[in-house]
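Reading through the structure tokens given below for one structure.
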Number of protein chains: 2
Amino acid sequence: MKGRLTARQNEAYEFIRAYQRRHHKPPTLQEIGEALGIRSTNGVFKLLRALEKKGYLRRDPGAARGLHLLDSDDPFALTDEVPSLPVISRTASHEPERLRARPAGFLTVDPFFLPRGLDPDTCLIGRAGDDGMSGEGIFKGDLLLIEEVPWRTLNSRELVACLVGELLLARRFVFVNNRIHLQPANRTYLEEVFPPDDPGCHVIGPIRAVFRRLP
Amino acid sequence: MKGRLTARQNEAYEFIRAYQRRHHKPPTLQEIGEALGIRSTNGVFKLLRALEKKGYLRRDPGAARGLHLLDSDDPFALTDEVPSLPVISRTASHEPERLRARPAGFLTVDPFFLPRGLDPDTCLIGRAGDDGMSGEGIFKGDLLLIEEVPWRTLNSRELVACLVGELLLARRFVFVNNRIHLQPANRTYLEEVFPPDDPGCHVIGPIRAVFRRLP
DNA sequence: TTGGATGGTGAAAATATTTTCACTAAATCG
DNA sequence: CGATTTAGTGAAAATATTTTCACCATCCAA
């Protein structure tokens, strides 16, 4: 029995949800007001009443922080919506079929980086092993969000992650004359060419996002 | 670094945990008192202070329901916070003192990108407004994790985000001869120089991470 | 046996937070 | 057009909640 939310109401709803996820408790009216740029708590109050009437939250009148989102009631459900992707360990190249085995860790990734509702179960995180794509802004050590797909479904010149030798590399993928070409974007690196079944080369899939921590 | 809990302290701890689990927010002192049969909120207050001193919870002095259990072994302890940072809206340059007002949205960021336990409350997300730092792998549209600090505390040649005119830009920061120099890393852009109080230039702080979604 | 830590009572003070009131302005709808 | 919804401002009132103060009792270790 939910009405549709106005843009403003949605902003309030999303803020409450983000706040709850971060602080494990609901915000006060003042905190909502600050976040949305509303100077009067009454402005916030009315937004909340509208949200309540439309069935998006329940209030506990009189109680401090007496809010309670209905959709995603459980704080653990909230964290579930933010996928945690396995980080490929350095030993993965020994058995590229089992990239998810013994992950080096997990990285929380905002759904913003999973376009078109990409299935999180098909995604992985890998660390770029060289500067071969520095010309396109991918540096050694960057974390790459990789969608795992069969390499035959890739488009030509798609930006991919692959395991070559002991390293996980970002490259442009080209398939011609029954050969996989991995093209760097840095003059000091050379294009590499492999037959499709070369055990020393495993193309994982396209790179969907790049994350870099700066010193 | 935890002391042992007395029976009474443990009862309080367990009640808080159960309450949090059920209501998705911490209880008030009165509610704890009712549950444990303590008539004075001060009795509860002292229990909480003891729990805090022993490292079992954190308090947020002055805030209603300002409690927060710590123990990370406990699935309901809720400590491993995955912060949700506000994304600076495009209209922020009109009032750079209130960057958090009316955020364009929120981005969940893995704690991995907050070095040395950087306080999430001092961090923001901004979108790079040009390609002025493409030479260092930051492109227009990239999401920047910015630590908000007073510009006088910056080191020379530090990579910073700043609001110049209508745009949020990444640049190298240099302060000499009482002038702020913003240096690009792309030959087609020019260094810009501002007096420290120029209203058209607001240096937000150093860039701690870069996130890019690929097409 | 004295002194600190613990665990209280009860009341009052100080804040935090919600709620109400009066008023404005824009957008929407029948 | 006029009525309704939405989204505010600003101030004040009403409560909820935290914090402090004075005081008491018990237990335990030095």
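If I filter region A:147-178 down to residues being open to solvent by 50 Å² or more (accessible area, probe 1.4 Å) and in contact with a helix residue (DSSP H, G or I) (Cβ under 7 Å, 6 or more places away or on another chain), which single residue comes out as farthest from residue A:120 (Cα to Cα)?
Only one residue fits best here, namely A:166.
I want to confirm something. Restricting to region A:30-40 and keeping residues that are without any contact (Cβ under 8 Å) to a residue 24 or more places away in the chain, open to solvent by less than 50 Å² (accessible area, probe 1.4 Å) and in a helix (DSSP H, G or I), which single residue is farthest from DNA strand C (Cβ to nearest atom)?
Out of the qualifying residues, it is A:35.
Kindly indicate whether any position in region B:143-160 is of a type in the set (Gly, Ala, Ser) and in contact (Cβ under 8 Å) with a residue 24 or more places away in the chain.
Within region B:143-160, none of the residues are of a type in the set (Gly, Ala, Ser) and in contact (Cβ under 8 Å) with a residue 24 or more places away in the chain.
Report the residue count in region A:149-203 for those that are of a type in the set (S, T, N, Q) and within 19 Å of residue A:134 (Cβ to Cβ).
3
For every residue, the table says whether it meets (1) at pLDDT below 70; (2) away from DNA strand C (no atom under 14 Å from the Cβ); (3) at the interface with chain B (Cβ under 10 Å from one of its Cβ atoms); (4) surrounded by fewer than 14 Cβ atoms within 10 Å (Cβ to Cβ).
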{"residue": "A:61", "(1), (2), (3), (4)": "no, no, no, yes"}
{"residue": "A:78", "(1), (2), (3), (4)": "yes, yes, yes, no"}
{"residue": "A:88", "(1), (2), (3), (4)": "no, yes, no, no"}
{"residue": "A:93", "(1), (2), (3), (4)": "yes, yes, no, no"}
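Of all residues in region A:96-146, which are open to solvent by 30 Å² or more (accessible area, probe 1.4 Å) and in contact with a Leu (Cβ under 8 Å, 6 or more places away or on another chain)?
Result: A:100, A:106, A:112, A:120, A:127, A:136.
Each row is one residue, and each column tells you yes or no for (1) within 20 Å of residue A:68 (Cβ to Cβ); (2) open to solvent by 30 Å² or more (accessible area, probe 1.4 Å).
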site	(1), (2)
B:4	no, yes
B:10	no, yes
B:14	no, yes
B:21	yes, yes
B:25	yes, no
B:42	no, yes
B:52	no, yes
B:64	yes, yes
B:67	yes, no
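Within region B:179-200, take every residue that is among the polar types (S, T, N, Q) and at pLDDT below 95 and give me the one that is most open to solvent (accessible area, probe 1.4 Å).
B:188
Would you check if residue A:43 is in contact with a Ser or Thr (Cβ under 7 Å, 6 or more places away or on another chain) and at pLDDT 85 or above?
no
What number of residues within region A:129-142 are more than 11 Å from residue A:161 (Cβ to Cβ) and in contact (Cβ under 8 Å) with a residue 40 or more places away in the chain?
9
Scan region B:164-215 for residues that are farther than 19 Å from residue B:146 by Cβ and within 12 Å of chain A (Cβ to nearest Cβ) and jot them down.
Correct list: B:186, B:214, B:215.
Can you list the strands (runs of 3 or more DSSP E) lying wholly within region B:124-194 that have 1 or more residues being over 22 Å from the mean Cα position of the chain (by Cα)?
B:158-164, B:167-176, B:179-183, B:192-194
The values are calculated or read from the model by the stated rules, or taken from the named source; none is laboratory data. If you're wondering where the values come from, they're calculated on a predicted model, not measured in any experiment. Positions of Cβ are backbone-derived with ideal geometry, glycine not excepted, and every protein chain shown enters the neighbour counts. All accessible areas refer to the heavy atoms of the entire protein, side chains included, with ligands and DNA or RNA removed. Shrake-Rupley method; radii C 1.70, N 1.55, O 1.52, S 1.80 Å.
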